[in-house]
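In what follows, a structure is listed as structure tokens, so that the remarks can point back to it.
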Amino acid sequence: MFFRARTKKNSIQQARYGRGLVLTSRGAHRTARGTTKTNIISNLSLPSLASIKRILIVMIAIGILAAAAYFIWFSGYFKITKIYVQYEEFQNENSDIQTYFDNLKGKNYLFTDPTKRNTDIQKAHPELSKLIVQKIFPNTIKISFTEFPITANVESIINDKSIEKVLINSIGMIIYHDTENPNLPYIKVITTKESEENPQVTTQTETPVAILPPAPQLQAQSPLISQENLTYMLSAVKSFEERFGMKITELRLLPQARELRFKTEKNFEIWLDTQIPFEKQFLKLKKSMARIDIYKTPLFYIDLRVSGANGEKVIFKRKK
């Protein structure tokens, strides 16, 4: 009877709902509800750990760039505060060179190019053989320069009156006024009204002097003597004294004739063509000494300018 009653009850439930046997339990319903909640949470969009790292890296990079920009532009660490010229011993102090850079003070060291001023400085100061401008980290500009060496004393004499004494450098530029260096050759430029077109030059010392174009006023910004003539003149004197063991007491340069004449301690002159290397002309003199003794023969001059068929023609004039 127990079995049948249970079967009848199940049949009644089956008939009421119009379906087959449905087995239900509280545990089954609880599991179904739990599964639904899990699905809802999994559908939410949460950032991954890699994405979070990328965002942090970008934020840190932006912070670093902002700090660097502030440090470079606004902190004052890179503002130029010191500009100075480094002078060498006995160097002419061109104090105005630094003034070309004074307006750079307060500007940013990293974005300033002080070498742009070099061209203007060297135009105004042709006596400089080298100009170096350096940036010293983090806020300093250092300026150094090298000058052409001083090579000779020049005295301008007009109508037997000394006008000015100057020192010139190796390119013929005036460096110092109203001064002299006894260790350097003396060049006297003598101009008179009667011979302004062909000035004469003499000396009272055993150092070279030269005939030069009229120089009533010595201009500091243009060569008093051309570099080419000055170099030829001084090199020829040095070479002659070393080759022949004879001092030069007077030197004359005739630019228009392209002729150089210098007087020796034996009181005769050597004539050279400035368009021909002096070494070549001295070689002719050396070879001619087999028939003329320049140390014992009284002479007025020896002319080495003329070229013969074999290139060794030497003209000379004896004293009676």
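List of remarks:
- Residue check, I97 modelled with pLDDT of 90 or more, in contact with a strand residue (DSSP E or B) (Cβ under 7 Å, 6 or more places away or on another chain) and either small (G, A, S) or not assigned by TED's automatic domain parsing to the domain that holds L230 (or both): no
- Residue match in the range 61-82 (condition: part of a helix (DSSP H, G or I), of a type in the set (S, T, N, Q), at pLDDT 75 or above and surrounded by 10 or more Cβ atoms within 10 Å (Cβ to Cβ)): no
- Candidate set: the range 144-184, residues that are of a type outside the set (G, A, S), touching a residue at least 40 places away in the same chain (Cβ under 8 Å) and in a loop (DSSP other than H, G, I, E, B); chosen: the one farthest from N229 (Cα to Cα): M173
- Candidates in the range 239-272 are the residues that are of a type in the set (F, W, Y) and in contact with a Pro (Cβ under 9 Å, 6 or more places away or on another chain); of these, the one that is surrounded by the most Cβ atoms within 10 Å (Cβ to Cβ) is F262.
- Taken over the range 123-143, residues that are closer than 15 Å to D113 by Cα and touching a residue at least 60 places away in the same chain (Cβ under 8 Å) amount to 5.
The values are calculated or read from the model by the stated rules, or taken from the named source; none is laboratory data. Just so we're clear, the structure is a prediction, and the values are computed from it rather than from any experiment. Positions of Cβ are backbone-derived with ideal geometry, glycine not excepted, and every protein chain shown enters the neighbour counts.
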